[in-house]
Amino acid sequence: MHPPSWPALSSAQSQALAEDWKVFTFAALAVAVLVWALIAFAAVRFRRTARNAEPRSQKENNPALEIAWTVAPLVLVIALFGFTYHIESDVEALAPNPDVQVAVNAFRWGWTFAYHGGPTVNGTADAPPELVLPVDRTVAIALTSSDVAHAFWVPDMLFKRDAIPGRVTSFDLTPTKLGTFLGRCGEFCGLQHAIMTFRVRVVSEADYRRWLAFEATQ
């Protein structure tokens with residue numbers, strides 16, 4: 001069994017989302033260290049000893065301190081919200097002129113990838129399909145389902161979107177790394193949900209053109 005690994009961050013969207021996660025992680029660690037330090041300070045500074053048998057510094061209130069511990073978390077939350085909103089806005093933005101357009105249809109238990117003006121790739125759980133994309137090009141995906149709720153999920157791209165029957169969900173992906181990445185259904189949809197997979201193969205622009213030409217002859 002292979003140990004879990006960090007996602008490949010193989011798209012522009014995944015890299016942006018990873019930055020957001022890092023900021024939240026560092027902020028959480030900073031808050032944790034501050035709280036632990038204050039607990040340790042209070043435990044040592046105000047502990048009872050033989051010379052100080054009574055509790056120390058029992059003040060009824062401290063307005064300055066109370067204002068500080070109310071305002072500081074509020075400022076931190078607002079800052080994190082603003083940072084996340086900026087990143088999410090970029091991730092959710094749709095390019096007006098995408099380089100590639102693919103209509104993705106999920107069904108029990110497989111996928112159909114229909115390229116605008118190009119081939120249509122079908123696959124099932126027994127023969128998973130392959131979504132071929134050019135590197136560093138904006139890909140517009142229109143996602144839907146023909147039966148029940150599914151989810152288009154590529155872990156290495158930190159991206160998951162629900163496929164809802166009767167509804168088209170649009171989003172952009174911009175692959176930034178060459179290679180083949182596993183995709184799967186991220187929403188329990190029935191007995192063969194676990195093997196409802198697909199592959200995303202990211203190739204150079206020249207290889208993508210050759211693939212399109214080959215598919216056109218099939």
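The values are calculated or read from the model by the stated rules, or taken from the named source; none is laboratory data. Given the structure is predicted, the values throughout are model-derived calculations rather than measurements. We place every Cβ from the backbone using ideal geometry, glycine too, and count neighbours over all the protein chains shown. Accessible surface is based on the protein model in full, side chains and every heavy atom, while ligands, DNA and RNA are left aside. Shrake-Rupley method; radii C 1.70, N 1.55, O 1.52, S 1.80 Å.
Quick notes on this structure:
- Spin-label zone in the range 11-42 - amide nitrogen under 14 Å from a point set 7 Å from the Cα of residue 72 along the C-beta vector: 28-42
- Which labelled figure in [x] 1.00; [y] 1.49; [z] 1.17 is Cα Rg over 2.2 N^0.38 Å, once derived from the coordinates: [y]
- Summary of packing: across the peptides 118-127, 155-164, 36-45, 174-183, the per-residue average of other C-beta atoms within 10 Å ranks them, highest first, as 155-164, 174-183, 118-127, 36-45.
- Between 102, 91, 31, the Gaussian network model of the chain with springs among Cα atoms under 10 angstrom shows the greatest mean-square fluctuation at 31.
- Phi to ³J(HN,Hα) by Karplus 6.51 cos²θ - 1.76 cosθ + 1.60 over the range 186-195, Hz, x for Gly, Pro: x, 10, 4, 10, x, 4, 9, 3, 5, 10
- Convex hull volume of the range 117-218 per residue (C-alpha atoms, cubic angstrom): 106 Å³
- Each peptide in 20-27, 195-202 gets a packing score, the mean of other Cβ atoms within 10 Å over its residues, and the list from highest to lowest is 195-202, 20-27.
- Rounded to the nearest 10 Å², the accessible area of residue 168 at probe 1.4 Å: 100 Å²
- Look at the Cα gyration tensor of the range 56-121: its axes a ≥ b ≥ c give a/c of at least 1.5 with a/b over b/c, and that counts as prolate.
- Between residue 61 and residue 27, the C-beta separation translates, for a Förster distance of 45 Å, into a calculated FRET efficiency of about 0.95.
- For the chain, modelled as a GNM whose springs connect Cα atoms under 10 angstrom apart, the maximal fluctuation among 80, 94, 131 occurs at 80.
- Comparing mean-square fluctuations of 14, 89, 170 from a GNM of the chain with C-alpha springs under 10 Å, the top value falls on 89.
- 12 Å reach of a label modelled at residue 204, 7 Å along Cα-to-Cβ, counting backbone N of the range 110-141: 135
- The range 148-165 - phi-based ³J(HN,Hα) in whole Hz, Karplus 6.51/-1.76/1.60, Gly and Pro as x: 10, 6, 10, 8, 8, 9, 10, x, 5, 10, 6, 9, 8, 9, 6, 9, 10, x
- Degrees separating the helix 63-92 axis from the principal Cα axis of the chain, which is the longest one: 10 degrees
- Cα-based helix-to-principal-axis angle, 205-216 vs the chain, degrees rounded to 10: 40 degrees
- Antiparallel DSSP beta bridges within the range 86-203, as percent of all bridges there, nearest 5: 70 percent
- On a per residue basis, the convex hull of the C-alpha atoms belonging to the range 95-154 measures out at 96 Å³.
- Paramagnetic label reach from residue 45 (point 7 Å along Cα→Cβ; backbone nitrogen cut-off under 20 Å): within the range 65-99, residues 65-73.
- For the Cα trace of the range 7-105, dividing Rg by the Kirkwood Rh returns an Rg/Rh value of 1.27.
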